[in-house]
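Undergrad: Here's a structure for you.
The values are calculated or read from the model by the stated rules, or taken from the named source; none is laboratory data. Since the model is a prediction, treat every value here as computed from it, not as a measurement. Here the Cβ positions follow ideal geometry from the backbone for every residue, glycine too, while neighbour counts run over all protein chains shown.
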Amino acid sequence: MIEIPDPGNWDMIVFDVDGTLLDREGFHEDLVKLSRRVDREIMPVSLASGRTLPNVTPIMQAIGASGFIVAENGGMVWDSGEGHEILSLSDGSRAKQAAEWLATKIDGLDPRGIESNRWRETEWCLSETDSFELIRDLIADSKWSDLEVVSTGFAVHIASPGLDKSNGLKVAMEQRGVDPSRVIACGDAPNDLPMFDVVGLSVAVNDEFPEVSMSADLITESRGKDGSVELLRALLNLF
């Protein structure tokens, strides 16, 4: 089982959602009770996801977390527990326009993207992950070349330059008065790398992406949502 360095010196843990806390089959059966115990007994649990705010909020409530939410890969921040208003850190209109243009270049690409785009404010997501490299290359050679294209394995995110999880986390942590060096972040995909860069301890639950496992301070023995449960157990000293 993974061992947490300097136990007792951490003030918050931030989890990615897809591929980390849950997968296409849902939560691990022990996740809710463990996350609630960690949140109540050890430190607040927060979420940082590529999902939209309306998608992440029910997950936050289900696991009984008292931390903040960073959604849309850093574009949206909400810390309702501290009474803060929802913050939108970018405008996703150009990303949507770029997706519509891509549909004229790639046969079969649906510019409407994933269903949750109807609530998306700061970026745009396409479901054609198999076309990621083509999408990235086309954008790089277009008038939307300033936009960033990132694949999470679940969707291809098109966003304004510099919009990533680190931006949202910095805002959320400053609002709450949390020192980033005393925060643990847990994720599995390339869009989690900016999050890893701003916290004191980064944990990867997947070695599918070499750049993620190389950047993480720790890698769980189990993979995906099983790895997150392993991490929660380690925080609770449930060996």
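Undergrad: Considering segment 138-165 alone, what residues qualify as being β-branched (Val, Ile, Thr), at pLDDT 90 or above and not in a strand (DSSP E or B)?
TA: Ile139
Undergrad: Identify all residues within segment 170-185 that are out of contact with any helix residue (DSSP H, G or I) (no Cβ under 6 Å at 6 or more places or on another chain) and under 26 Å from Leu147 (Cα atoms); write none if there are none.
TA: Correct list: Lys170, Val171, Ala172.
Undergrad: Hey, another quick one. On the basis of being under 21 Å from the mean Cα position of the chain (by Cα), modelled with pLDDT under 95 and farther than 30 Å from Ser66 by Cα, does Ser90 make the cut?
TA: It is false that Ser90 is under 21 Å from the mean Cα position of the chain (by Cα), modelled with pLDDT under 95 and farther than 30 Å from Ser66 by Cα.
Undergrad: What number of residues within segment 183-214 are touching a Leu at 6+ places or on another chain (Cβ under 9 Å) and either surrounded by fewer than 17 Cβ atoms within 10 Å (Cβ to Cβ) or touching a residue at least 60 places away in the same chain (Cβ under 8 Å) (or both)?
TA: 12
Undergrad: Looking only at helices (runs of 4 or more DSSP H) that lie completely in segment 1-109, which have at least 2 residues being more than 30 Å from Asp130 (Cβ to Cβ), in the same structural domain as Asn167 (by TED's automatic domain parsing) and in contact with a His (Cβ under 7 Å, 6 or more places away or on another chain)?
TA: Hits in segment 1-109: none.
Undergrad: Also, I was wondering about something else. So Ile114 clears everything in (1) more than 20 Å from the chain's Cα centre (by Cα); (2) not assigned by TED's automatic domain parsing to the domain that holds Cys186; (3) not acidic (Asp, Glu) except one condition, right? Which one?
TA: Status for Ile114: all satisfied but (1).
For (1) out of contact with any Asp or Glu (no Cβ under 7 Å at 6 or more places or on another chain); (2) free of Cβ contacts under 8 Å to residues at least 24 places away in the same chain, each residue gets a yes or a no:
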{"position": "Gln61", "(1), (2)": "yes, yes"}
{"position": "Gly64", "(1), (2)": "no, no"}
{"position": "Gly67", "(1), (2)": "yes, no"}
{"position": "Asn73", "(1), (2)": "no, no"}
{"position": "Val77", "(1), (2)": "yes, no"}
{"position": "His84", "(1), (2)": "yes, no"}
{"position": "Arg94", "(1), (2)": "yes, no"}
{"position": "Lys105", "(1), (2)": "yes, no"}
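Undergrad: For segment 38-53, state whether one or more residues are surrounded by fewer than 18 Cβ atoms within 10 Å (Cβ to Cβ), charged (D, E, K, R) and touching a Ser or Thr at 6+ places or on another chain (Cβ under 9 Å).
TA: There is at least one residue in segment 38-53 that is surrounded by fewer than 18 Cβ atoms within 10 Å (Cβ to Cβ), charged (D, E, K, R) and touching a Ser or Thr at 6+ places or on another chain (Cβ under 9 Å).
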